[in-house]
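The values are calculated or read from the model by the stated rules, or taken from the named source; none is laboratory data. All values derive from a computational prediction rather than experimental measurement. Note that each Cβ is placed from the backbone with ideal geometry, even for glycine, and that neighbours are counted across all protein chains shown. We work out accessible area using only protein heavy atoms, side chains counted, and drop any ligands, DNA or RNA first. Shrake-Rupley method; radii C 1.70, N 1.55, O 1.52, S 1.80 Å.
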There are 2 protein chains.
Amino acid sequence: MAVQELHLNQQFAQTLRETLRADQISVAESDLQTYARDQGPVTDYHEPVAVVWAETVAQVQAVVRAAAAHSVPLVTRGAGTGVSGGAHATAGAVVLNLTRMNKILEINAADEIARVEPGVINGDLNSAVAEFGLMFAPDPASFKISTVGGNIATNAGGLRCAKYGVTRDAVLSLEVVMADGSLIHTGHRTFKGVAGYDLTSLFVGSEGTLGIVVGAIVRLKYLPTIVRTLAVFFPDVQRAAAGVLALGAARVQPCILELLDGPSLKELDIRNGSNLSQRGTALLLIQFDGLAAEQEETLAASALEALDGTVSREDPAEAQRLVDLRRNNRGLDVDAENRVGEDVAVPRSQLVHYITALEEMAVRHDVELQVIAHAGDGNLHPTFSVPTFEPDRIQALNAALDESIDMALELGGTITGEHGIGQYKLRWLGLEQAEPVLEMQRQIKALFDPQGILNPGKAIPAAS
Amino acid sequence: MAVQELHLNQQFAQTLRETLRADQISVAESDLQTYARDQGPVTDYHEPVAVVWAETVAQVQAVVRAAAAHSVPLVTRGAGTGVSGGAHATAGAVVLNLTRMNKILEINAADEIARVEPGVINGDLNSAVAEFGLMFAPDPASFKISTVGGNIATNAGGLRCAKYGVTRDAVLSLEVVMADGSLIHTGHRTFKGVAGYDLTSLFVGSEGTLGIVVGAIVRLKYLPTIVRTLAVFFPDVQRAAAGVLALGAARVQPCILELLDGPSLKELDIRNGSNLSQRGTALLLIQFDGLAAEQEETLAASALEALDGTVSREDPAEAQRLVDLRRNNRGLDVDAENRVGEDVAVPRSQLVHYITALEEMAVRHDVELQVIAHAGDGNLHPTFSVPTFEPDRIQALNAALDESIDMALELGGTITGEHGIGQYKLRWLGLEQAEPVLEMQRQIKALFDPQGILNPGKAIPAAS
């Protein structure tokens, strides 16, 4: 431990010890390893010099003030379920872990809001508000362990955002510790409000680079009591993708609309002993909720049968199993240099064309491809992988990745629908956004964090 | 005209004449008067020194470059239907009118988006996309004449936002001319996207103070084919307000949920020869749309009958008439110093309490009060008025206004739900937002517009 301490600015360490209990600070090698990364691909591994667990807003403020005084970079994190490296440690950084700030401070069912600390687990919040017939709509696949603060930092999406919107749509107000340790309040408890600039939206999705979210008022939605689920298998992935547009044309609004291609179904079968891949070559998993769910299901079924879809109305237990399979399709894998899950989004009219192009790229570069998509939003998660870390294989993987990004942009898409830029996707942001826009963001960053201590090297590429 | 010309920087005027045709520039007194103000209360009247009508993005850029070169302030405007003075001219300002940039550049029905110039009229966009079974959801009362650019500048709401969200929720991407005349692009064509900071949301609602929106990609919603409308009259406004919570508890989602108090009903009757005030003392006007509209109507009716509501199911023609009456309840009146329509929002659980408090204030200050509300959002438009401009009456009006603002804030509300700060509400923003938050916004403003030429003196109060 003495060796590790050397890496930690001693005056800063002293301040931490005066502010926090011993069990809130660790320089143990196991902790430094555990908190060195999130679930994104690692290309530049650093262990933090310490991990601290704040338990109160005042403690966050004290840690930030000390970090500012000694120019120590802070990487704030929740559960670390991000997949873009937004919570990877960087050189000399202290990891500020907010998972112990996990209190639900208020649930107001009449106002349909909850006030939470950032470390509240998404699934715990949903359990708590379900008693009032309400839900917190953002549902990233990791919702059972991911924190609301992390959802906010990444503007997380999920399955239900096809109907219910993304995290930004669920956040009314934030408490934020700024880079000088001061605490500010943005937004309002009300559903609507246009007083001043929309600072709340500026912080949502900023990956801890502009301030540290230490509290939020979130808007809740009605927990549906009626749910209908369709599994529709298609002879090819192109017809499944076309089904997404057919559902739009039928003017139905699924709460879940997921597309899984053949290789994804096969992998799920291997992992779970299911027989999905025997039922078809591609699957649209569709859920409707609310009073019109049954009518929407009927409209959807006929629209998709017209595209040669084999429609299966699932009973609630099987429906839940299918949705769970989809949510967990990443299994225990985390991204690595030889297996990268992408997060592009394209206009929905381009889904068929884009998936066809992805398949062609995979063949040409000789890499494995699986495609799953939050298809209702045009948000695709193609996963490219190669079997080994041999340089030429990694090079082929990267060539396929780069090409898939170029093509998504060419079709009017974005390089990240819901995972964020983090550290891993910095190399592509300049392809999507022009230099003046990047520079504007650097200047906003400099305004909010002049010393550059808040999650440096994330979200926005440094000036070249 | 020669006298007027003297007010206009001659070099700037020369550049304008080189850039624009003669019919795009006016210093005629009638134009200066027409474009001196929007529909907000005027407390500091200035005529602009000139009005220019840009017709292309390049012309906007040229005007801004010239204004920057000669430090001429620009007040950008559309139809001028704002009610907070956000488009009031200020001393020495040139009004930049974008109403001629009114082309719908693209409608993509499969992607459910439209790409528009800022001067497109909201109602025209809605007519155009209705042919595809789509709608642009923001529907401020002025939608027949207000522009999409103005909707964006104010983050306009309207009646339908109870279900469909506000303008920010409908904007995917912006083209913005910055204060140096450069053109940037924010956002994406896709429904989801988290690449970089959310600059789109920062521009939406910034009232032309950070940049000039010259184009937008907006997200469209499905135009409902099934609509059911209820008019529910109550014996008092408190029970009508309680009805809003009862609808929430019944888990129905109206697309329109408007509350009108007794004095509002009486005024509508006088203006329109209707008999609303004979039917009850307060009205909830409720519309459901979509496949579940009839079921929701039935649930709503029983929930409101339990609160002594007299429920009337309106046929489509009468429903449309009632909604039109509500939309036009301001009539041709514009706000003035002796008649000010407020725009506070409170958490919905506070509606009953707040309306009771407003009535008490009106009596105590001896001012007239009418309350209408986008009640589904807790967004109230109380209108206070006094019969004359005598100083003691204006003082009483202002005292009531100030008190209504204080009370809204005390209840966890905001001073502006959808109209914006503009010029008129600057005096109250410091009550809602702490000085460091105001200062942060001033710094953002300074970053985007270092010379302060973009709509100066609006949206954010100057440092005191």
Check: Roughly what angle does helix A:316-327 make with the longest principal axis of chain A, taking Cα atoms, 0 to 90 degrees, to the nearest 10?
Finding: 50
Item checked: With Cα atoms, 0 to 90° folded angle of helix B:262-272 axis to chain B main axis -> 70
Check: What's the buried accessible area, both sides, between B and A using a 1.4 Å probe, rounded to 100 Å²?
Finding: 6100
Next item on the list: Report the charge-dipole magnitude of region B:414-464 in Debye, nearest 20, computed about the Cα centre from +1 at each Lys and Arg Cβ and -1 at each Asp and Glu Cβ.
Entry: 140
Next item on the list: Tabulate in residue order the Karplus-calculated ³J(HN,Hα) for region B:49-65, using 6.51 cos²θ - 1.76 cosθ + 1.60 with θ = phi - 60°, rounded to whole Hz; enter x for Gly and Pro.
Entry: 7, 6, 10, 10, 10, 7, 10, 9, 4, 4, 5, 4, 4, 5, 5, 5, 4
Note to self: Only sites in a loop by DSSP and with at most 15 other Cβ atoms within 10 Å count here; which GluC sites (Glu not before Pro) in region B:1-102 make the cut?
What the structure shows: none
Check: Along the three principal axes, how long is region A:44-171 when you take its alpha carbons, biggest first, rounded to the nearest angstrom?
Finding: 47, 31, 20
Note to self: I'd like the per residue volume of the convex hull spanned by the Cα atoms of region A:339-424, given in cubic angstrom.
What the structure shows: 80
Notebook entry, point to check: Beyond 18 Å, what percent of the Cα pairs of region A:2-97 remain?
Noted result: 39
Note to self: Can you give me the C-alpha center-to-center distance between region A:122-149 and region A:329-389, rounded to a whole angstrom?
What the structure shows: 27
Check: Setting aside same-chain residues fewer than 8 positions from B:K192, which aspartates and glutamates have a Cα under 16 Å from its Cα?
Finding: A:D139, A:D169, A:E258, A:E342, A:D343, A:D377, A:E418, A:E432, B:D111, B:E112, B:D169
Next item on the list: Return the long-range amide H neighbours of A:I256 (sequence gap of 5 or more, or a different chain), with a cut-off of under 5 Å between placed amide H atoms.
Entry: A:Q287
Margin query: To make sure I understand the rule: partners must be lysines, Cα under 26 Å from the Cα of B:K266, and not fewer than 8 residues away in the same chain. Which ones qualify?
Written below: B:K144
Notebook entry, point to check: Taking all pairs of different Cα atoms in the protein assembly as shown, averaging 1/r and flipping that mean, what Kirkwood radius in angstroms comes out?
Noted result: 28.8
Next item on the list: State whether region B:227-327 is rounded, prolate or oblate according to the following rule on the C-alpha gyration tensor (a ≥ b ≥ c being the square roots of its eigenvalues): a/c under 1.5 gives rounded; otherwise a/b larger than b/c gives prolate, and the remaining case gives oblate.
Entry: oblate
Next item on the list: Read phi for every residue in region A:14-24 and hand back ³J(HN,Hα) as whole Hz from Karplus 6.51 cos²θ - 1.76 cosθ + 1.60, θ = phi - 60°, with x for Gly and Pro.
Entry: 4, 4, 4, 5, 6, 9, 10, 6, 4, 7, 9
Next item on the list: Return the long-range amide H neighbours of A:A137 (sequence gap of 5 or more, or a different chain), with a cut-off of under 5 Å between placed amide H atoms.
Entry: A:K221
Notebook entry, point to check: Separation between the A:A91 and B:T310 pseudo-spin-labels, each 7 Å from Cα along Cα→Cβ, expressed in nm?
Noted result: 7.8
Next item on the list: Apply the Karplus parameterisation 6.51 cos²θ - 1.76 cosθ + 1.60, with θ equal to phi minus 60°, to every residue of region B:375-390 and state each ³J(HN,Hα) to the nearest whole Hz, in sequence, with x for glycine and proline.
Entry: 5, x, 9, x, 9, 9, 10, x, 10, 9, 8, 10, x, 9, 9, 4
Check: Given C-alpha coordinates of region A:104-222, what is the ratio Rg to Rh with the Kirkwood estimate of Rh?
Finding: 0.94
Next item on the list: Would you pull out the residues with amide H under 5 Å of A:L172's amide H, same chain only if 5 or more places away, H placed 1.01 Å from N?
Entry: A:I217, A:V218, A:R219
Checklist line | Cα gyration tensor, region B:335-383 - rounded (a/c under 1.5), prolate or oblate | finding: oblate
Item checked: Sites matching GluC sites (Glu not before Pro) across region B:96-177 that sit in DSSP coil, with at most 14 neighbouring C-beta atoms within 10 Å -> B:E131
Next item on the list: Measure off, as a whole percent, the carbon and sulfur share of the 1.4 Å-probe accessible area of region B:326-462, all protein chains present.
Entry: 55
Notebook entry, point to check: Based on the Cα coordinates of chain B, what is the per residue volume of their convex hull in Å³?
Noted result: 149
Next item on the list: Could you work out how far the C-alpha centroid of region A:62-117 sits from that of region B:414-437, in angstrom?
Entry: 29
Margin query: Can you pull out the chymotrypsin sites (Phe, Trp or Tyr not before Pro) in region A:27-80 whose DSSP state is coil and whose Cβ has at most 11 other Cβ atoms within 10 Å?
Written below: A:Y45
Notebook entry, point to check: What's the percent breakdown of Cα-Cα distances in region B:226-271 across 10 Å bins, shortest bin first?
Noted result: 22, 50, 24, 4
Checklist line | Net lengthening on full extension, B:F389/B:Q451 (0.36 nm per residue, minus Cα-Cα) | finding: 18.6 nm
Margin query: Rounded to the nearest angstrom and ordered from largest down, what semi-axes does the equivalent ellipsoid of region B:369-464 get from its C-alpha gyration tensor (root of 5λ)?
Written below: 27, 17, 13
